[in-house]
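Here the structure comes first, spelled out in structure tokens, and everything after it is commentary.
The values are calculated or read from the model by the stated rules, or taken from the named source; none is laboratory data. Since we're looking at a predicted model, the values are computed, not measured. FYI the Cβ positions are ideal-geometry reconstructions off the backbone, even for glycines, and counts take in every protein chain you see.
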Amino acid sequence: MFFRSEDVAAGLPAKELHDALLQGRTEEEGWRVRKDGSAFWANIVIAPIRGADGDHLGFAKVTRDMTERRRLSDLEHSSRQMNEFLAMLAHELRNPLAPIRNAVSILQLEPAPSATVRNSRDMIDRQLTQLTRLVDDLLDAGRLTSGKIRIKPERVSFNQIVARAVEAARPGMDARTHSFRLVVPAEDVWVNADAMRLVQVLQNLLSNASKFTPAGGAITLSARVAQGRLHVDVADNGEGISPAAMESIFELFSQGDGLAASRQSGLGIGLSLARSLIEMHGGSIRATSAGAGQGSTFSFELPGAQIRTAGAEGESCDDRGIQAARVLVVDDNRDAADSLAEILRLLGYRVRTAYDGRSALEAAVQDKPGAVFLDIAMPEMDGPAVLRALRALPGGKAMFAAAVTGYGVEDERADRPDLAAFDAHLLKPVALADLQQLLANVRLA
């Protein structure tokens, strides 16, 4: 009665009893049938019952309904598969994005382009930035659900974080002719935070404000320190938030009011990510709005803020004096390698490219480069393997090595001890400003 018809036809009931007699006890999981005829996933234990004289009297059988546990197990498995898929998708999308970004950077370094070329270049740059941000948001959605997001707080200048976030969000605001007002203390504000993630929070809030503020609208970012806490507000006079949407505005994949969201691009991840990151820092975030059409304000607080001069924080710079006049670029994606090499040439470096590990070692022996940009995921010899071989060469230990990868540093595939051997990590597609900032610490021979 407990078995499906196909299991009865296969002789499974008799086999279970036979195995229990033979082994003294059996336990298994499988499909069984309820009284109403529906199937459920069960855990079954069968043991023989014997009398005092050892005669076999019958069987004891315990059947437990495990449907809910199996459903949760299937959900966890599906979640792991989805997160792995998102990480791979982001990596595969970043690979073609890398040479496109490099090509845009080359155009930006070209002197006096025509107005047509300049406008086309800037348009590609804006859309590429948006596409890269969508890829990052998609990957962060998987990190949020799997708990992979980690922060590395350190003492950082909030003023510099604001500058980086505004720089990233400015093209979107300029494209919609928004007026932007920045109100922060004149002195340096120092806070204990993960600089990259706090930039991401501010950029998401500014981009969100720009997205839902009509052309010609106004956006304000203000900050103050009170009783050791940093208070930040991002306010706009845009479409506002209805009371119904306010309840779900910070939920993953939520875009607030459906009608307003349908006119905008995005995945509904930014605000959920911002809340998670702020809470990881020990802070809190909230949204307020007088209603639809009356603008909105997103406010967050962070603990441990102080106003000090920059010198009081004892900033230091990398003065290792890396000899980086000769640079080696290694990537099995030829377009990515060649375009990055061209950018470095335009920046004044002598560059050689290699498209696999063996060629990289040959080039290093011949040219003795002071710096190497290594793709991580390459066939035969991956980036860390190539770096180990390069370090073994004469003078290799002093070589500056930057990992160039399509995987985020928080992803399982990139979370490897051998990546710690690299001096820097760059995420594809590499922005020209990030590359220039890295090279600013690499002194030419």
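Return yes when Gly395 is modelled with pLDDT under 90, surrounded by fewer than 19 Cβ atoms within 10 Å (Cβ to Cβ) and of a type in the set (Gly, Ala, Ser) and no when it is not. Give the steps one after another, and end with the answer.
Working: modelled with pLDDT under 90: yes; surrounded by fewer than 19 Cβ atoms within 10 Å (Cβ to Cβ): yes; of a type in the set (Gly, Ala, Ser): yes.
Yes.
Of the residues Lys148, Lys152, only one is basic (Lys, Arg), outside any helix (DSSP H, G or I), out of contact with any Leu (no Cβ under 7 Å at 6 or more places or on another chain) and surrounded by 17 or more Cβ atoms within 10 Å (Cβ to Cβ); which?
From the options Lys148, Lys152, the qualifying one is Lys148.
Out of Thr220, Thr213, which single residue is farther than 25 Å from His281 by Cα and hydroxyl-bearing (Ser, Thr, Tyr)? Before you say what the answer is, go through the steps one by one.
On the way: Thr220 fails: farther than 25 Å from His281 by Cα.
None of the other options fit; the residue is Thr213.
Please return the ranges of strands (runs of 3 or more DSSP E) entirely within the range 164-232 where 2 or more residues are under 29 Å from Arg150 (Cα atoms).
In the range 164-232, the matching strands (runs of 3 or more DSSP E) lie at 188-193, 218-226.
So, in the range 1-32, how many residues would count as being polar (S, T, N, Q) and more than 12 Å from Ile44 (Cα to Cα)? If you could, list the steps in order and put the result at the bottom.
Initial filter on the range 1-32 (polar (S, T, N, Q)): 5, 23, 26.
Then keep just the ones that are more than 12 Å from Ile44 (Cα to Cα); that gives 5, 23.
Residues flagged as polar (S, T, N, Q) and more than 12 Å from Ile44 (Cα to Cα) within the range 1-32 amount to 2.
Look through the range 57-108, keep the residues that are over 30 Å from Asn119 (Cβ atoms) and in contact with a Ser or Thr (Cβ under 7 Å, 6 or more places away or on another chain), and return whichever of them is surrounded by the fewest Cβ atoms within 10 Å (Cβ to Cβ).
Going through the qualifying residues, I end up with Ser79.
Within the range 43-82, how many residues turn out to be more than 18 Å from Ala14 (Cα to Cα), of a type in the set (A, V, I, L, M, F, W, C) and in contact (Cβ under 8 Å) with a residue 24 or more places away in the chain? Full working, then the answer.
Residues of the range 43-82 that are more than 18 Å from Ala14 (Cα to Cα), as a first pass: 50-55, 64-82.
Adding the requirement that they be of a type in the set (A, V, I, L, M, F, W, C) leaves 52, 66, 72, 75, 82.
Of the ones still in play, those that are also in contact (Cβ under 8 Å) with a residue 24 or more places away in the chain are 66, 82.
The number of residues fulfilling the criteria is 2.
Scan the range 287-301 and give yes if some residue there is at pLDDT 60 or above, surrounded by fewer than 22 Cβ atoms within 10 Å (Cβ to Cβ) and farther than 25 Å from Lys211 by Cα, otherwise no.
Checked the range 287-301: no residue is at pLDDT 60 or above, surrounded by fewer than 22 Cβ atoms within 10 Å (Cβ to Cβ) and farther than 25 Å from Lys211 by Cα.
Give the residue that is modelled with the lowest pLDDT, with candidates limited to residues of the range 305-345 that are over 30 Å from Ser157 (Cα atoms) and part of a loop (DSSP other than H, G, I, E, B).
Step by step, filter the range 305-345, then rank; the result is Ala325.
Can you find a residue in the range 412-427 that is aromatic (Phe, Trp, Tyr), part of a loop (DSSP other than H, G, I, E, B) and modelled with pLDDT of 90 or more?
Within the range 412-427, one or more residues are aromatic (Phe, Trp, Tyr), part of a loop (DSSP other than H, G, I, E, B) and modelled with pLDDT of 90 or more.
Being over 30 Å from Tyr407 (Cβ atoms) and out of contact with any strand residue (DSSP E or B) (no Cβ under 9 Å at 6 or more places or on another chain) narrows it down to one residue among Asp55, Asp74; which is it?
That would be Asp55, the only listed residue that is over 30 Å from Tyr407 (Cβ atoms) and out of contact with any strand residue (DSSP E or B) (no Cβ under 9 Å at 6 or more places or on another chain).
Kindly indicate which of Ser120, Ser78, Ser73 is in a helix (DSSP H, G or I), of a type in the set (Ser, Thr, Tyr) and either at pLDDT 85 or above or in the same structural domain as Pro303 (by TED's automatic domain parsing) (or both).
Being in a helix (DSSP H, G or I), of a type in the set (Ser, Thr, Tyr) and either at pLDDT 85 or above or in the same structural domain as Pro303 (by TED's automatic domain parsing) (or both) holds for just one of Ser120, Ser78, Ser73, which is Ser120.
Within the range 339-353, can you find the residues that are surrounded by 18 or more Cβ atoms within 10 Å (Cβ to Cβ) and out of contact with any strand residue (DSSP E or B) (no Cβ under 6 Å at 6 or more places or on another chain)?
Passing the criteria: Ser339, Glu342, Ile343.
Could you identify the single residue in Asp356, Asp367 that is without any contact (Cβ under 8 Å) to a residue 40 or more places away in the chain and surrounded by fewer than 18 Cβ atoms within 10 Å (Cβ to Cβ)? Walk me through how you get there before you give the answer.
Numbers: Asp367 fails: without any contact (Cβ under 8 Å) to a residue 40 or more places away in the chain.
Asp356 is the lone residue from the list that is without any contact (Cβ under 8 Å) to a residue 40 or more places away in the chain and surrounded by fewer than 18 Cβ atoms within 10 Å (Cβ to Cβ).
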